[in-house]
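Following: one structure in structure tokens, then a few remarks.
The values are calculated or read from the model by the stated rules, or taken from the named source; none is laboratory data. Predicted, not measured: the structure shown is a model, and the values here were computed from it. Positions of Cβ are backbone-derived with ideal geometry, glycine not excepted, and every protein chain shown enters the neighbour counts. Note: areas computed on protein heavy atoms with side chains; ligands, DNA, RNA excluded. Shrake-Rupley method; radii C 1.70, N 1.55, O 1.52, S 1.80 Å.
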Amino acid sequence: MNRAHLQAALAATTALALLPQAAAPVLAQAQEAQAPALEEIVVTARKRAESLQEIPVSVTAFTADQIERAGFVDLEDVAVQTPGFQFNNQLAGLRPGRLFSNMRFRGIEGSEFATLQTASLFVDGVFALQGAQSISLMDLERVEIIKGPQSAQFGRNSFAGAVNYITSDPSVDEFSGRVQIEGATRDSYELQARHEGPLVDGKLAYRLNARLYQKGAQWTATDGGALGEQTTRAVSGMLLGKPSDAFELKLRVFYQKDNDGPAPTAFLVGRLNDTCTGKTVTTKAGLTLRPVRFVCGDIPSPGAPNAPLVTSNTSLFPADRAFTGANANFLVTQLLNFNQVPGVPKLNGFGLEREIFRASLQGGYDFANGMSLDFTAAYNDNAANDLRDWDMTDNPTFNQWYVTNPQAGDDLSFDVRLQSSGEDRLRWMAGGNYYTQDFRTSGNGGVFVTACGNFAGLGTGETGFCSAPGLFPTGLDANDFIDVWGVYGTLSYDIVENLTLDLEARYMNDERGDGTGFTRDYKQFLPRVSLSYQATDEVNLYANWSRGKLPGVINSNVINCQTQTYTQPFIDPRTGRPSTSSECQQYTEALGDRAQPFTPQQTLEAWEVGIKTTLADGRATVNLAAYDYKWKNQPFNTFVTVVRDDNGDRIPNTNVNFFPVQTPGSSKSQGIELETAFAPAEGWNFQANLSYNKNKFIEFFTALDAQTLTLGGAPNTQINVKGNRASRFPKWQGNLAGTYTGAFTGDWDWFARGDLVYNGRHFTGLTNLATVKSWFNVALRAGVEQDGVRMEVFVKNLLDTERWAAGQEITDFTLRFPPFDFTKLGVILLPQDKRQFGIRTSLDF
């Protein structure tokens, strides 16, 4: 953190440290009311139990009771009420649907692929491979959102942060159960059931959980297909053994099946909504650009003039002339039956099919001297496939593209750690782990079908006739084969009674491969240093520095490219002129010296200072954190058009292909986050959060030809977008939640809760031309409860907000001819869920 930012952060923390004295008169009335104190939340973000208000790390935590009272369903609900965290379950990355898991912390861009994840989801500290969009919040004790590099504790893929679901334990003393039923408009419902109890009194207990969830379609495509349907079925079981007071063993098994329809997205075609041509844009780096064929400024909101429709092709039997006669069943016989990745679920239509299986065995032993030994063994298996309309339009005059996105992975991990008593002045922990993973997928998406399967003599422009469809499988070039072992440790020392130094570190030997025989070893040292000062019983000041590291990215396409030049020329799609360049030469012509076999190892240098305060005898908390990050060698996906020779005769194929190549850059991210909770009087509880984020690219080049040409650059060049902001992450985020509980009649209480969420304007991509407008969302719920019986009504999106929830720029593939035109840009847009009314009932027994 530079001096100016550090001074500003320290000034803010100092001012907040004086808040208890300054706020005393204001809070006097609340103190006199004798309202109950806020619940103390204990977290395990550093793999040991600590008070949320004392841990020297920025953590947002939600208990099971808070999750229930807020009506959270999934991680997206958690994200909108967590400052510094962004996640959309229907558009996590560059592709719509619940297929990819891309979590963004504090403006760190992240990726949809497991190979490049900057943040990860864990369940009881065990890495959960993909599926973050659909894993429910049932069976939880709490959710912890841990910000900043957590590599020392959780490993490499917590480079920018981690989300940890902590499951609750069944009772070894008494039987209990719970049934929860929810129904809502738009054909949505959820059923959860749980039962637990002792098998051997005081020694062995079980828990069984089941969930059936359906989110009904909220939009209808032009061809009549339903958009937005989601279905999840999940069961889990747990055995908890306590042979003695000192020893505990827990076995958990989880299975889930997702079945979704096509995602509800819109696609804005930049060339048809051009507000850029004729304008001049000066970048923050001083570069003058003349963008063309794209939107400069706000994208029209849903329902506004020129706003795109939420629609796509949803029929397996397209009306396009290319899919008639002998080709009428082409999508069914050729695309759905193409087995690119073994083991993935079979598709029977548009949308997602996924199966997840997880098993873990965890144990712990407490020694008489206060030391403890913990171990974990876990296995994950995740297989998914998805069929979607790739050009995301249903206009018959546009090109027709379809794609499947198969991916399959499994992993096995072991972890063991020994830690000292938490009561000593010097505290320590030492551990080691092993992790191995096989993950297979395609960086391009998978298997494509286009209506224009033959590229000669098809006419030009948007009305060229396509005579027959074509099938184009792409390579499995985003595989991630990992073999990692590591050792880690922590050391905490109370320098004086109220000043503590924490040292944390992990050393890893990380071997990665792409499945083609190419492997690379990375040796990583991942440290974190924290200093915390308990100024008073109510005020805790802290500062920490940490370094996250991720391996470089293997560019399989560059490694495996052919070096022989062609004996017959092809028409180079970049120049329009004849060429005999080899496949490898084509990569160099497109990317220059950045066409490398692998990118350098990534590094995130992170500083954070903060203050955590407790006010009004525990009735209020005010926490403030300021951070400064620098990300070096940040990879970004660049697509390169390549003409290949598949049969080795040195004669180029008739059709071109396009392949991803990762190229590096660097960026910075800075910001401030405020989290508050306040219980002013009996029955009242409020939470308010606010975050500000400033991020920019330090050295970064346009990744797509479409981005270069849209910004007015010359063909076969790339533009340095230094100074531009990362996509999707707004400068401002905030939320306010208030709950009241009071006596109703007899033994019944009544309650009401309101939630207000704000998401600021954000750019849709690194061109920083198009923006999605800011939006507010309001939700209300109210009901009655008594001794385990709870009934409530709710409304989501009370104001029926018509704004795009998120937008992501991507190449526009809607042109009929040429079918591999990478020169245009469009924007995928995710709409807000529509207003929805519902009722929920739960019974504890």
**Request:** Go through the residues of the stretch 427-439 one by one and say whether even a single one is more than 24 Å from residue 508 (Cα to Cα) and at pLDDT below 95.
**Result:** no
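Each row is one residue, and each column tells you yes or no for (1) part of a loop (DSSP other than H, G, I, E, B); (2) open to solvent by less than 20 Å² (accessible area, probe 1.4 Å); (3) without any contact (Cβ under 8 Å) to a residue 40 or more places away in the chain.
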site: 380; (1), (2), (3): no, yes, no
site: 383; (1), (2), (3): no, yes, no
site: 388; (1), (2), (3): no, no, no
site: 392; (1), (2), (3): yes, yes, no
site: 403; (1), (2), (3): no, yes, no
site: 408; (1), (2), (3): no, yes, no
site: 411; (1), (2), (3): no, yes, no
site: 416; (1), (2), (3): no, no, no
site: 422; (1), (2), (3): yes, no, no
**Asked** Is it the case that residue 644 is open to solvent by 20 Å² or more (accessible area, probe 1.4 Å) and charged (D, E, K, R)?
**Response** yes
**Asked** Among the residues of the stretch 220-243 satisfying the criterion of being part of a strand (DSSP E or B) and closer than 18 Å to residue 387 by Cα, which is most open to solvent (accessible area, probe 1.4 Å)?
**Response** 220
**Asked** Which of the residues that make up the stretch 341-359 are on the phi < 0 side of the Ramachandran plot, more than 23 Å from the chain's Cα centre (by Cα) and open to solvent by 30 Å² or more (accessible area, probe 1.4 Å)?
**Response** 342, 346, 348
**Request:** Considering only the stretch 775-823, state which residues are at pLDDT below 90, in a strand (DSSP E or B) and open to solvent by less than 20 Å² (accessible area, probe 1.4 Å).
**Result:** 811
**Asked** If you check residue 772 against the conditions, is it open to solvent by 30 Å² or more (accessible area, probe 1.4 Å), at pLDDT 95 or above, touching a Phe, Trp or Tyr at 6+ places or on another chain (Cβ under 9 Å) and not basic (Lys, Arg)?
**Response** no
**Prompt:** Which ones in the stretch 360-378 are open to solvent by 70 Å² or more (accessible area, probe 1.4 Å), over 30 Å from the mean Cα position of the chain (by Cα) and at pLDDT 95 or above?
**Reply:** 365, 366, 367
**Complete:** Apart from one, (1) buried (at least 22 other Cβ atoms within 10 Å of the Cβ); (2) at pLDDT 95 or above all hold for residue 487; the odd one out is (1)
**Item:** Residue satisfying all of: in the stretch 581-599; open to solvent by 60 Å² or more (accessible area, probe 1.4 Å) and in contact (Cβ under 8 Å) with a residue 12 or more places away in the chain; nearest to the chain's Cα centre (by Cα) among these
**Value:** 598
**Request:** Taking residue 163 as the residue in question, decide whether it is touching a Leu at 6+ places or on another chain (Cβ under 9 Å) and more than 28 Å from residue 479 (Cα to Cα).
**Result:** no
**Request:** State whether the residues of the stretch 582-597 include one that is among the aromatic types (Phe, Trp, Tyr), within 30 Å of residue 675 (Cβ to Cβ) and in contact with a strand residue (DSSP E or B) (Cβ under 9 Å, 6 or more places away or on another chain).
**Result:** no
**Asked** (1) open to solvent by 10 Å² or more (accessible area, probe 1.4 Å); (2) at positive phi: which one isn't true of residue 445, the others all being true?
**Response** (1)
**Message:** Cβ-Cβ under 7 Å, sequence separation 6+ or interchain: first residue in the stretch 297-309 and at positive phi, partner assigned to a strand (DSSP E or B) and open to solvent by less than 20 Å² (accessible area, probe 1.4 Å). Which pairs?
**Reply:** 297/771
**Prompt:** When you go through (1) under 20 Å from the mean Cα position of the chain (by Cα); (2) closer than 30 Å to residue 63 by Cα; (3) not hydrophobic (A, V, I, L, M, F, W, C) one by one for residue 764, which number turns out not to apply?
**Reply:** (2)
**Message:** If I filter the stretch 514-529 for residues that are open to solvent by 20 Å² or more (accessible area, probe 1.4 Å), within 30 Å of residue 648 (Cα to Cα) and of a type in the set (S, T, N, Q), do I get at least one hit?
**Reply:** yes
**Message:** So for the stretch 626-634 (the condition being under 30 Å from residue 679 (Cβ atoms) and in contact (Cβ under 8 Å) with a residue 12 or more places away in the chain), does at least one residue qualify?
**Reply:** yes
**Complete:** Within the stretch 672-703, residues closer than 30 Å to residue 636 by Cα and open to solvent by less than 20 Å² (accessible area, probe 1.4 Å) come out as 673, 691, 693, 695, 697, 700, 702, 703
**Request:** Pull up the stretch 536-561, narrow it to residues that are closer than 30 Å to residue 443 by Cβ and open to solvent by 60 Å² or more (accessible area, probe 1.4 Å), then point me to the one that is farthest from the chain's Cα centre (by Cα).
**Result:** 560
**Item:** Subset of the stretch 127-151 [under 19 Å from residue 375 (Cα atoms) and surrounded by 24 or more Cβ atoms within 10 Å (Cβ to Cβ)]
**Value:** 151
**For residue 249: the one exception among (1) among the hydrophobic types (A, V, I, L, M, F, W, C); (2) at pLDDT 95 or above; (3) open to solvent by less than 20 Å² (accessible area, probe 1.4 Å)** = (3)
**Item:** Selection status of residue 310, of a type outside the set (Gly, Ala, Ser), touching a strand residue (DSSP E or B) at 6+ places or on another chain (Cβ under 8 Å) and more than 30 Å from residue 770 (Cα to Cα)
**Value:** no
**Message:** Condition (residue is assigned to a strand (DSSP E or B), over 21 Å from residue 631 (Cα atoms) and modelled with pLDDT under 90) applied to the stretch 545-554: is it met by at least one residue?
**Reply:** no
**Request:** Return yes when residue 159 is of a type in the set (Phe, Trp, Tyr) and open to solvent by 10 Å² or more (accessible area, probe 1.4 Å) and no when it is not.
**Result:** no
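The rows are residues; the columns are (1) under 25 Å from residue 157 (Cα atoms); (2) open to solvent by 20 Å² or more (accessible area, probe 1.4 Å); (3) small (Gly, Ala, Ser).
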| position | (1), (2), (3) |
| --- | --- |
| 608 | yes, no, no |
| 611 | no, no, no |
| 621 | no, yes, no |
| 636 | yes, yes, no |
| 653 | no, yes, no |
| 661 | yes, no, no |
| 664 | yes, yes, no |
| 667 | yes, no, yes |
**Request:** Within the stretch 779-835, count every residue that is touching a helix residue (DSSP H, G or I) at 6+ places or on another chain (Cβ under 6 Å) and either of a type in the set (Val, Ile, Thr) or on the phi > 0 side of the Ramachandran plot (or both).
**Result:** 2
**Message:** I'd like the residue in the stretch 72-89 that is touching a helix residue (DSSP H, G or I) at 6+ places or on another chain (Cβ under 8 Å) and more than 14 Å from residue 143 (Cβ to Cβ) and, out of all such residues, is surrounded by the most Cβ atoms within 10 Å (Cβ to Cβ).
**Reply:** 86
**Request:** Report yes if residue 295 is open to solvent by 20 Å² or more (accessible area, probe 1.4 Å), under 29 Å from residue 697 (Cβ atoms), of a type in the set (Val, Ile, Thr) and in contact with a strand residue (DSSP E or B) (Cβ under 6 Å, 6 or more places away or on another chain), otherwise no.
**Result:** no
